[in-house]
Amino acid sequence: MTAQKTPSIVSDSDSSSGSSTALRGSIGVAGIVFLVIAAAAPLTSIAGSLPVMIAIGNGSGAPLAYIVAAVVLLVFSVGYAAMSTAVTDTGAFYAYVTRGLGRPTGMGAASLALLAYTTIQAAIYGLAASTMQSVVVRFGGPDLPWWVWAFVLMAIVAFLGYRSIDLGAKVLGVVLVAEIALIVALTVGVLSKGGAHGIDFTSFSPSSFMSASPGIALMFAIGSFVGFEATAIYGEEAKDPKRTIPKATYIAVITIGVLYALGSWAVVLAYGSDEVQAAAQNDTADLTFNATAKYLGGFASDVMMVMLVTSLFAALLAFHNAIARYTFALARDGRAPQRLKSVHPKHGSPHAGSVVQTISAIILVGVFAVVGADPVLQLFTWMAGVAIVAVLLLMVLTSIAIIVYFARHSSDDRLWHTKIAPVLGALGLCGITALVVANFTTLIDGSQAMANLFIAAIVVTLVVGVAAGLALERRP
């Protein structure tokens, strides 16, 4: 058996371009945590996903759905963090799957990753543009088409994505601190006033979690964590990747889980455990905003609306950075056009991949705009549904790759980190994936035929990626 070439850090200069093929940056644990939590967009979850989870999911049991999702992802993160100490590569999922399952399967993983991050970014452009349109009109501004705001956001993201990751981390850091502060303020406000009918812990009981449709709640909960896995993508730009990435991964998952659980619990208590589902069904869109107005005042509710836009913007920038680094990793490994592996001589960023990502976003969002699609009901829901399934499948593949990799290498002999946790994580992710697929029609709010089409597209993406990898392997 011939040895397989695997992704690695390249620190010398590229002979054809004269530019380094290793990314540069000095981002630390805090910066990476900001980037990945920004991708998860906490305020978007509490103000956007949570009301839907309560209305058509399991009502007051929604907070426990976040905890269940966090536990499964935390177990997955044990093996993921162990792998990050053995393999430092901006390709993350792609690099890990390649190391464990071979280059063809790695190409399949890369295809899934690009599909997932591209579609979730397009989805967020739809929601962000629609929200921005409403906010501008609410405060007396012009009523412009949603796609105008989408392209304005793209221009800002393109500028920041082209430059150093350190600049992007600073911008996201400011936005994220304000975003988390508002969720914490709402939580404290509700708890200090005793909620609508006093403080209770009904939300965290198994009976509440299992009521009505827990599968739908868990589906939205796991989708609210999408982006946490991006810690490893910034390995080459970290100060000390073997220490920074594991710490950032654990901190990100725990922080997101705690923030979601407490914030969602506060919203439930704001209406009362027995009445919150009816309130969500009567006014899903404004459930969290109304709670904020009641407990923090109308001004705070207005601020939350504005900050929902900044939350979505932060997620856009985080996913833009992730996609640019995936294309960079593929190009450096000979799996994409070589121009994409160039590193900006001043900013140390994958600027070519950033430009390509901007163009792909313009095309994808532009198609929905041209056909007159609804930015939320179609662009957001459809693309977010595709992204959630693709990411889950990607994490299952990564879990298997981690198990295989450490079975073949003796670089880490910790049983829990390299065998038990990855197996448990894979089983948990398989269960959640099955649950999401079973409820996929509800997630995308479309017909069964449309759901089948999107699921088929995800499978085809994986198969085509593997086939392309096999073809490249056979190429002389």
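The values are calculated or read from the model by the stated rules, or taken from the named source; none is laboratory data. Everything quoted here is computed from the prediction, not taken from an experiment. Glycine gets a Cβ as well: all are built from the backbone with ideal geometry, and neighbour counts include every protein chain shown. Note: accessible area is taken over every heavy atom of the protein model, side chains too, but ligands, DNA and RNA are not part of it. Shrake-Rupley method; radii C 1.70, N 1.55, O 1.52, S 1.80 Å.
Exactly one of (1) over 12 Å from the mean Cα position of the chain (by Cα); (2) modelled with pLDDT of 80 or more; (3) under 15 Å from LEU35 (Cα atoms) is unmet by VAL226. Its number? (1) is the only condition that VAL226 fails.
Counting the residues of the range 285-301 that are touching a residue at least 12 places away in the same chain (Cβ under 8 Å) and in a helix (DSSP H, G or I) gives 10.
So is THR398 within 30 Å of THR85 (Cα to Cα), among the hydroxyl-bearing types (Ser, Thr, Tyr) and under 23 Å from the mean Cα position of the chain (by Cα) or not? Spelling it out, THR398 is indeed within 30 Å of THR85 (Cα to Cα), among the hydroxyl-bearing types (Ser, Thr, Tyr) and under 23 Å from the mean Cα position of the chain (by Cα).
Among the residues of the range 410-451 satisfying the criterion of being farther than 30 Å from GLY57 by Cα, surrounded by fewer than 14 Cβ atoms within 10 Å (Cβ to Cβ) and modelled with pLDDT of 85 or more, which is farthest from the chain's Cα centre (by Cα)?
Filtering the range 410-451 for residues farther than 30 Å from GLY57 by Cα gives 410-420.
Now drop any that are not surrounded by fewer than 14 Cβ atoms within 10 Å (Cβ to Cβ), which leaves 410-411, 413-416.
Right, trim to modelled with pLDDT of 85 or more and you get 413-416.
Working: ASP413: 30, ARG414: 29, LEU415: 29, TRP416: 26 Å.
It comes out as ASP413.
Among the candidates ILE32, ILE67, the residue that is farther than 18 Å from VAL391 by Cβ, in contact (Cβ under 8 Å) with a residue 24 or more places away in the chain and surrounded by fewer than 23 Cβ atoms within 10 Å (Cβ to Cβ) is uniquely ILE67. Scanning the range 341-381 for residues that are of a type in the set (Gly, Ala, Ser) and at pLDDT below 85 yields a total of 6.
Scanning the range 168-202 for residues that are at pLDDT below 90 and either touching a strand residue (DSSP E or B) at 6+ places or on another chain (Cβ under 6 Å) or open to solvent by 60 Å² or more (accessible area, probe 1.4 Å) (or both) turns up ALA169, LYS170, VAL174, VAL177.
Note on the range 293-313: residues that are open to solvent by less than 30 Å² (accessible area, probe 1.4 Å) and in contact with a Ser or Thr (Cβ under 9 Å, 6 or more places away or on another chain) total 8. SER49: more than 21 Å from ALA278 (Cα to Cα), polar (S, T, N, Q) and assigned to a helix (DSSP H, G or I), yes or no? So SER49 does not fit the description; no.
Each residue in the range 78-97 was checked for being surrounded by fewer than 24 Cβ atoms within 10 Å (Cβ to Cβ) and either part of a helix (DSSP H, G or I) or modelled with pLDDT of 90 or more (or both), and 5 of them qualify.
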